[in-house]
Amino acid sequence: MPIPLFNSIASWILKKRIHQMELFMKYPNEVQNELLHYLLKTASKTAFGKQFDFKTIKSYAVFKDRVPICTYESIESAIERCRRGEQSIFWPSPIKWFAKSSGTTSSKSKFIPVSTEALENCHYKAGKDMLSLYFNNNEDSQLLSGKSLRLGGSNELYNKNNSYFGDLSSIIIQNLPFWAELSSTPSNKTSLMPEWEAKMKAIVAESIPKKVTSLAGVPSWMLVLLQNVLKETGEKTITDVWPDAEVYFHGGVSFKPYRQLYEDLFPKSNFRFYEIYNASEGFFGIQDRNDSDELLLMLDYGIFYEFIPFEGETADEQNIIPLSEVVLYTNYAMVITTNGGLWRYKIGDTVRFTSLSPYRIKVSGRTKHFINVFGEELIIENTEKALAKTCQQTNSLISNYTAAPIFMEIDTQGAHEWIIEFEREPEDLDHFSTLLDTALQEVNSDYEAKRYKNITLHPLKIHKARKGLFYQWLSLKGKLGGQHKVPRLSNTRDVVDELIEMNT
C-alpha cells in the first residue's frame, strides 16, 4: 500500500475513536460508575473479591465504606505471592508481567502487576488515543509516513515461576503486535537491550538514517539521546537530522525545565509538544489540544478514580470523593482502582482540576515529594513555576536539580539548599538565587511567610553542579534510563549530600 494512502486510512481510523471519547466527556460520571460495577463483578471471585464480598457491593458508598485505601507497602505481600505464581489474588486473569518501578518516594523497587486487560484496554488504547487526538487537532499531519523514535527501559527476566519484570515501557514493547514495530525505531531487540550505555549507542546508530516523524519518551532521558545524536551527526539541531519530525510526546517528569531546550532542538514554528500522564499503575491523561498545558482525564481505560483533598503533607482520607464531587483548583491525592487488580491504591501523585466539563487536570506533584520542615509546604508545582520564571529572567536553562532543607541548629538558621545542573548558566549565580527565592515567595505564601525578615528561613543556597553530575549519580544507583528520575524535593538530606560530595 502506498505510504500516503496508508497514512490517510490510518488517520481516518484513529479519528473514529474521537467519537467514543466524546461519549465519556459528555457522560463522565455514568461511565465511571458503570466501570466500577464492571471491576467489582469481574473480580468478585478473586481472593480480594471474596475478602470484601464484592458481589454485594452495589454502590460507591458501600465500596468506599468496605474496601480500605491501600499503599504499595500494604499489598506488597499479596504481590509477592503473585510473583511466585499464585493467581486470582486481586484480578481473575493470569498475571505474569510486573512493572518494576523504584518510584520517587523510596529507593525500594516496586513491582506493579500488569494484566492483559491493563495492556490492551489501558496502555495500548492510550497509545492509539494519543495519535487520535493529535490527528484530530492537526489535519495535515504526515506523522504516519515515517517512524516514531521511542525510548524505553530495559527488560529483565524474573527467573521463578515464569514471572517477568521490567520497566513498563519494555513490557509494552515486549507484548506489542508484530506490525507495531514497523512504524517505530529502534527495533524491539535494540529497545530491550539491558545495558543503558550500549543501548544508547545502538539507538543512535539505528535511528539516524530513518525518517523520524515523531518522538516519545521521558524528557530527561530523551535529551541525553538527542545530545548523542547531535554529537554523532555534527548537526546543530534535531530538525537538521530529522526534518520531517513534527511532534514530541513526553511524560514522566515535568516538561517546564526542559521546554526551552527542546524548542532550541526543534526550531520549527509548527513543531508540537504533547504531554501524556502515565505510570506503571496505569495511563491517566493525554493533552487533547495543541499548545495546552492541561491533560484530558481518560475515563474509559479500566480505571476508577477517587480523590483525597491534599494540603502540604496532609491527606484528608476521611473526605475522599469520587470524580463527580471534585472542584476546580484544589490539590488532590489520586486514588485508583484498576483492571490490573489495584483496589483503592494511592498512586502518590497529586493533581488539580482545571476544567470540569470535560475533566482536565494538571499534575501538581507527589504526596511524598515536597519540603515541609519549617511549615513552608513547598511542592514541585511551586518549584517548577519559580524555576521557569527565573530561567526566563536570566536567560538560563537547567537540565536537572534537587533541593533539601538545611536544618536549624544552635548556630545555624534554617534554609533550603539546592544543587542545579545548568544547560546554559546564568551570568551571576547569586542574582539567580535571589530571583529564585523571590519567585518561590510569589507562588507559595507559606514559604513567603517563613522567609519574612529571615525569621524562620534564610535565603536559599545554590550549588552549581558540574556537567553530567546527575547522570553519574543515577548511574551509580543503577538507575539509568527508563522511568528513573532524580528526586526533586526531599525532607531529608540524603540525596543532596551525596550529590554535593560527588560535585567536589
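Check whether at least one residue in segment 265-287 is assigned by TED's automatic domain parsing to the domain that holds Asp129 and in a helix (DSSP H, G or I), and report yes or no.
Among the residues of segment 265-287, at least one is assigned by TED's automatic domain parsing to the domain that holds Asp129 and in a helix (DSSP H, G or I), which makes the answer yes.
For residues in segment 352-373 being among the β-branched types (Val, Ile, Thr) and closer than 30 Å to His458 by Cα, which is modelled with the lowest pLDDT?
Thr367
What number goes with the only condition from (1) surrounded by 22 or more Cβ atoms within 10 Å (Cβ to Cβ); (2) out of contact with any His (no Cβ under 9 Å at 6 or more places or on another chain); (3) closer than 28 Å to Ala78 by Cβ that Leu295 does not pass?
(3)
Are there any pairs with C-beta distances below 8 angstrom linking a residue in segment 375-386 that is at positive phi to a residue that is among the aromatic types (Phe, Trp, Tyr) and part of a helix (DSSP H, G or I), with the two at least 6 apart or on different chains, and if so which?
Every condition considered, the pairs that remain are Glu377/Tyr447.
From the list Ala78, Ala61, Ala47, Ala43, exactly one residue is closer than 30 Å to Ile18 by Cα, out of contact with any His (no Cβ under 7 Å at 6 or more places or on another chain) and of a type in the set (A, V, I, L, M, F, W, C). Which is it?
Ala43
Is there a residue in segment 36-49 that is surrounded by fewer than 18 Cβ atoms within 10 Å (Cβ to Cβ), modelled with pLDDT under 95 and farther than 12 Å from Phe304 by Cβ?
The answer is no; no qualifying residue exists.
Matching residues to (1) farther than 14 Å from Phe374 by Cα; (2) in contact with a strand residue (DSSP E or B) (Cβ under 6 Å, 6 or more places away or on another chain); (3) not assigned by TED's automatic domain parsing to the domain that holds Thr390:
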{"residue": "Leu436", "(1), (2), (3)": "yes, no, no"}
{"residue": "Ala439", "(1), (2), (3)": "yes, no, no"}
{"residue": "Leu460", "(1), (2), (3)": "no, yes, no"}
{"residue": "Ala465", "(1), (2), (3)": "yes, yes, no"}
{"residue": "Lys485", "(1), (2), (3)": "yes, no, no"}
{"residue": "Asp494", "(1), (2), (3)": "yes, no, no"}
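For segment 120-170, enumerate the residues that are in contact with a Lys or Arg (Cβ under 9 Å, 6 or more places away or on another chain), modelled with pLDDT of 90 or more and either among the acidic types (Asp, Glu) or not assigned by TED's automatic domain parsing to the domain that holds Ile276 (or both).
Scanning segment 120-170 gives a single hit, Asp129.
If Arg272 passes every condition in (1) at pLDDT 95 or above; (2) buried (at least 23 other Cβ atoms within 10 Å of the Cβ); (3) closer than 30 Å to Asn331 by Cβ; (4) touching an Asp or Glu at 6+ places or on another chain (Cβ under 7 Å) but one, which one does it miss?
(2)
Does Leu299 satisfy the criteria of being touching a Pro at 6+ places or on another chain (Cβ under 6 Å) and under 21 Å from Asp129 (Cβ atoms)?
Criteria met by Leu299.
With a cut-off of at least 1 residues that are touching a helix residue (DSSP H, G or I) at 6+ places or on another chain (Cβ under 7 Å), farther than 19 Å from Val443 by Cα and outside the structural domain of Cys122 (by TED's automatic domain parsing), name the strands (runs of 3 or more DSSP E) lying wholly within segment 294-362.
Working: elements: 295-297, 303-311, 332-338, 345-356.
Result: 303-311, 332-338.
Can you tell me how many residues within segment 221-235 are closer than 22 Å to Glu421 by Cβ and either exposed (fewer than 14 other Cβ atoms within 10 Å of the Cβ) or over 23 Å from the mean Cα position of the chain (by Cα) (or both)?
Count: 4.
Taking the condition of being within 26 Å of Ile276 (Cβ to Cβ) and surrounded by 15 or more Cβ atoms within 10 Å (Cβ to Cβ), how many residues in segment 453-489 meet it?
14
Yes or no: Ser109 polar (S, T, N, Q) and touching a residue at least 60 places away in the same chain (Cβ under 8 Å)?
Considered against the rule, which asks whether it is polar (S, T, N, Q) and touching a residue at least 60 places away in the same chain (Cβ under 8 Å), Ser109 comes out as no.
Being modelled with pLDDT under 95 and part of a helix (DSSP H, G or I) narrows it down to one of Glu117, Glu73, Glu86, so name that one.
Glu73
Do you know which residues across segment 170-188 are farther than 20 Å from Leu119 by Cβ and outside any loop (DSSP other than H, G, I, E, B)?
Scanning segment 170-188 gives a single hit, Thr185.
The values are calculated or read from the model by the stated rules, or taken from the named source; none is laboratory data. Since we're looking at a predicted model, the values are computed, not measured. Cβ coordinates were reconstructed from backbone atoms using ideal geometry, including for glycine residues, and neighbour counts include every protein chain displayed.
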